[in-house]
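Notes for the one structure printed next.
None of the figures in this text is laboratory data; all of them are computed from the coordinates on show. Remember, predicted model here, so these are calculated numbers, not experimental data. Quick reminder, even Gly has a Cβ in these numbers, built from the backbone with ideal geometry, and neighbours come from all protein chains shown.
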Amino acid sequence: MRTDHCPGTLPAREHLPAAWAGTPVLDVVVPVYNEEKDLRPCVRRLHEHLTRTFPYAFRITIADNASSDGTPLIAAELARRIEEVRSVRLERKGRGRALRTVWSASDAPVLAYMDVDLSTDLNALLPLVAPLISGHSDVAIGSRLSRSARVVRGAKREFISRSYNLILRGSLQARFSDAQCGFKAVRRDVAQVLLPLVEDSGWFFDTELLVLAERAGLRIHEVPVDWVDDPDSTVHIVRTATEDLKGVWRVGRALATGALPLDRLTRPFGDDPRDRTLADVPRGLARQLVGFCAVGALSTVFYLLLYSAFRSVTGSQLANGLALLVSAVANTAANRRLTFRVRGRGGMVRHQAQGLVVLAIGLVLTSGSLAALGTASSDPAHSTELAVLVAANLAATVLRFLLFRAWVFPDRGQARAAGDTVARQTGGTPAPAATGHGAMAHAPGPAALGPSGDSSAPQTATWHGAACGAPASPPGQAASWAASAAGSAPRAPRTPQPDTPVTPPLAPARPPLPSRPAPQADRDPRTTR
């Protein structure tokens with residue numbers, strides 16, 4: 001499991017503009033291996049569906065995983081004939097390797113992939129990517145195990161799929177319903193951060209990406225799909241299941257040992273409402289209340305044990321005072337460290353002094369309760385004394401929490417946030433430049449490590465397709481571009497500057513969405529040359 005990559009902070013989610021300046025909004029990757037029979041009808045059907053239903057510019061990328069039949073020739077032919085299609089040739093097998101290579105090099109803000117057999121009904125494609133375009137979600141998956149999904153497949157594959165997802169839920173605490181459905185999408189900025197952490201280059205790639213995204217607190221959108229099993233599928237079930245179980249063990253061990261730096265990804269977006277500082281909304285109340293109750297329960301037990309011990313040698317009032325004094329010191333120290341998370345020795349004496357004031361209030365309550373009990377009964381039973389003390393301590397506990405939170409350990413996070421805001425406004429500390437979708441920074445991605453994460457083994461990929469909108473060559477890869485039949489020259493590769501912050505330009509006024517011309521019945525200029 002890779003741990004040497006330090007992921008950056010993701011920008012806030014924003015709705016993609018209606019007109020994306022010359023760049024396709026969606027890049028659909030179709031990984032193939034020896035699929036000369038299904039490739040041509042699949043791509044043509046997918047292209048026709050996107051042309052007819054998708055309101056944004058799109059691209060279809062054929063990722064050939066070292067096919068040994070006529071698949072590369074068919075892919076190159078499709079890239080020449082259809083403007084929105086390009087092909088990529090990799091010399092090593094692996095679906096995860098293909099997705100990593102293409103997604104790392106793509107300039108589209110939304111990245112997706114689907115199996116070449118098109119087992120999933122294409123009507124689910126727009127609902128799949130719409131939450132990513134709108135900025136609502138980070139990853140989207142098609143689910144065959146959702147209640148409203150309609151699936152046609154044999155009992156064997158159904159059993160294997162459900163058993164695998166049960167294993168994920170039991171071992172990795174996964175909450176998504178379907179890990180291996182070949183119908184997924186991810187935002188490009190999210191992929192740039194997650195891909196360097198994904199080690200697998202085969203069929204487990206999907207699962208590993210989803211588990212890391214979920215553990216990082218990213219939002220995963222699920223779309224119920226209509227799915228028909230492909231009886232001619234070449235997937236080796238036993239070998240794939242074995243590799244998946246090895247991947248589950250590897251990821252589970254990395255998560256258990258803390259080898260993955262997911263803490264840097266937790267709630268990375270600036271638009272998370274839990275990160276907002278509101279004057280009238282207390283922060284951390286639920287967590288502090290749970291911690292205070294846990295400490296209070298232990299302190300009560302400790303107090304009752306001390307009272308019983310002191311009561312055997314002295315009167316009730318003195319025993320109560322001594323037990324309260326010792327337990328209060330321990331209670332203040334525990335709440336200081338565990339409930340309110342105050343570190344260091346600074347302010348410790350002041351906190352204990354304030355805690356003793358809170359103790360005095362509790363002493364008045366409990367002593368007053370004992371005095372009232374003595375007035376009502378000249379010789380009360382020991383169990384009755386304990387019951388009265390428990391009731392009095394419950395009332396004192398509520399008051400103690402309020403005083404601890406508001407007076408002893410006040411939340412100074414809002415004051416610090418206000419001070420930071422003032423400092424930024426006055427120029428004391430410059431605010432970090434926000435990177436939005438309008439200006440994607442070229443950070444060193446996983447392509448620099450090669451398809452399997454090994455910097456010593458760069459992946460050679462050959463790219464074919466239209467020059468318009470072609471992405472820059474990924475760092476660390478030798479990429480050759482073949483222009484389309486239109487004769488336009490390919491765009492020169494961009495050189496990424498990982499150490500130079502990219503400040504996005506001011507966004508221009510959003511132009512109206514251009515209308516797509518209706519396809520002609522006898523001749524479609526997009527598919528024929």
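Compute the distance in nm between two label points, each set 7 Å from the Cα along the Cα-to-Cβ direction, one at residue 169 and one at residue 297.
It is 2.8 nm.
Quick one: which residues, 5 or more positions from residue 62 or on another chain, have an amide H under 5 Å from its amide H? H modelled 1.01 Å from N in the peptide plane, none for Pro or chain starts.
30, 86, 87, 88
Which length gain, in nm to one decimal place, applies between residue 325 and residue 406 when the Cα-Cα distance is subtracted from 0.36 nm times their residue separation?
Contour length minus the Cα-Cα distance gives 27.0 nm.
Taking H as built 1.01 Å from N, whose amide H comes closer than 5 Å to the amide H of residue 221, not counting residues under 5 places away?
Amide H neighbours of residue 221: 138, 139, 140, 141.
Full extension from residue 121 to residue 356: what is 0.36 nm times the residue separation minus their Cα-Cα distance, to one decimal in nm?
77.7 nm
Provide the per-residue ³J(HN,Hα) series for the range 384-391, in order, calculated from phi with Karplus coefficients 6.51, -1.76, 1.60 and θ = phi - 60°, each as a whole number of Hz, with x at glycine and proline positions.
Here the 3J(HN,Hα) series is 5, 4, 5, 5, 5, 5, 5, 4 Hz.
How far apart, in nanometres, would the label points at residue 399 and residue 318 be if each is projected 7 angstrom from Cα along the Cα-to-Cβ direction?
2.6 nm
Amide H to amide H, which residues 5 or more places from residue 183 or on other chains are under 5 Å from it, using H placed in the peptide plane?
HN-HN under 5 Å from residue 183: 142.
Hey, rough spin-label estimate for residue 40 and residue 259, points 7 angstrom out along Cα→Cβ, what's it come to in nanometres?
In this crude spin-label approximation the distance works out to 4.7 nm.
Using mean Cβ contacts within 10 Å as the protection proxy, how do 386-396, 198-208 order, highest first?
Peptide ranking by packing, descending: 198-208, 386-396.
Just to check I understand the Karplus step: with θ = phi - 60° and J = 6.51 cos²θ - 1.76 cosθ + 1.60, what whole-Hz values come out for the range 342-347, glycine and proline as x?
Computed from phi, the couplings for the range 342-347 are 8, 9, x, 8, x, x Hz.
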